Amino acid sequence: MRASFSVTERRAASCCTAAVILLALLACAERAAAGQIAVTVTDDEGRPLADAVVVAVPAQGALPPAQPVGHEVMDQVGQEFVPYVKPILVGSRVFFPNRDNIRHQVYSFSPAKSFELPLYAGTPAKPIVFDKPGVVVLGCNIHDWMIGYIYVSESPYFAKTGADGKAQIVDLPARTYEVRVWHPRQRKPESETRRSAELTANARVTISWKLALKPDIRIRRAPVPGGHGRY
C-alpha cells in the first residue's frame, strides 16, 4: 500500500531537504576556505622542543558548536605512560590500557580531573571522562617514576609538536585567533605565551616560540619520554 502525502507535507519535506543541502554546502565552502597555523617551538638554546601543545581560540570566544567526542587512549607500556603528553578536547573519554605484565594503579590529583583507577591489568571497562579544561598530571601509585600529562583543551583547534619542534593547526575558519603554547617544563605560565593570529581565507600563518625551561629533574629510575623504564 502506497503512502500518500499532502501538499503541505511534501513542501515541508522539500524545505528540509533544501536546508540540509544548504548547510552541507556552507560547511564545504568553509572547509575549502580554511586556513592553518604553522608552529615552531624551541627551547631557550634554540633546540627543537617536542611535546609542546599549541591551542588556537577564536578571539571573540565564538567556538564552533560542540561535536560528539570519541574515545582516546593513554597507554602504559614499559612502565611508562605513552604518549608522554596527550592533548584532547574537553568532554573526551580516555581509556587507560595496561599493556605491561605487571599491574598499575593510575591516579591524578589535578584540579582539572581528580580520579583513581584501582590496581589493575588489561583495560578498565569504563573510560575516564575529562569534562573540564586544564592540565592533568598522571601518576602510578606502584611506580613513582611514571609521569604523564593530559592537556584538556576547550578549543578543537590544537596540535602537539613532534621531535622537530613543529606542529600545524589546520581547518581554521577565517577569523582572528588567540594562540598559546604549553609544555610540562616551561617556566612562564601558559597565559603569558599568547599570540594573535589573523587568518583570512586559505591563509597560512607561522608562529614561533622560544621557551625557557625548568631543569628536567626526574625521580630515580625515571624513563626517558618515548623510551622505556630504567632500572
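The table below lists the values:
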item: Two-site FRET efficiency, Val129 against Arg99, from Cβ-Cβ distance with R₀ of 25 Å, rounded to 0.05; result: 0.65
item: Amide H partners (placed H, <5 Å) of Leu199, local residues excluded; result: Arg175, Thr176, Tyr177
item: Estimated translational D of segment 46-168 in µm²/s (Stokes, Kirkwood radius over Cα pairs; 4 °C; 1.567 mPa s); result: 85 µm²/s
item: Label-to-label distance, nm, for residues given as Ala62 and Ser114 (7 Å Cα→Cβ offset); result: 3.8 nm
item: Charge context of Met74, other residues only, Cβ under 13 angstrom, K/R +1, D/E -1; result: +1
item: Extended-chain gain in nm, criterion 0.36 nm per residue less alpha-carbon gap, Glu190 and Tyr107; result: 27.5 nm
item: Nitroxide proxy distance, nm - points 7 Å out along Cα→Cβ at Asn141 and Thr42; result: 4.5 nm
item: Under 12 Å, Cβ to Cβ, from Val179 - net charge with Lys/Arg +1 and Asp/Glu -1; result: 0
item: Percent RCO, i.e. relative contact order, over segment 97-208, from Cα pairs under 8 Å lying at least 6 residues apart; result: 17 percent
item: Between segment 186-206 and segment 103-176, the alpha-carbon center distance in angstrom; result: 22 Å
item: Within-14-Å neighbourhood charge of Val85 [Cβ basis; K, R +1; D, E -1]; result: -3
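FYI, it's all coordinate maths here, none of it is from the lab. All values reported here derive from a predicted model rather than from experimental measurement. Here the Cβ is made from the backbone with ideal geometry for all residues, glycine too, and neighbour counts use every protein chain on show.
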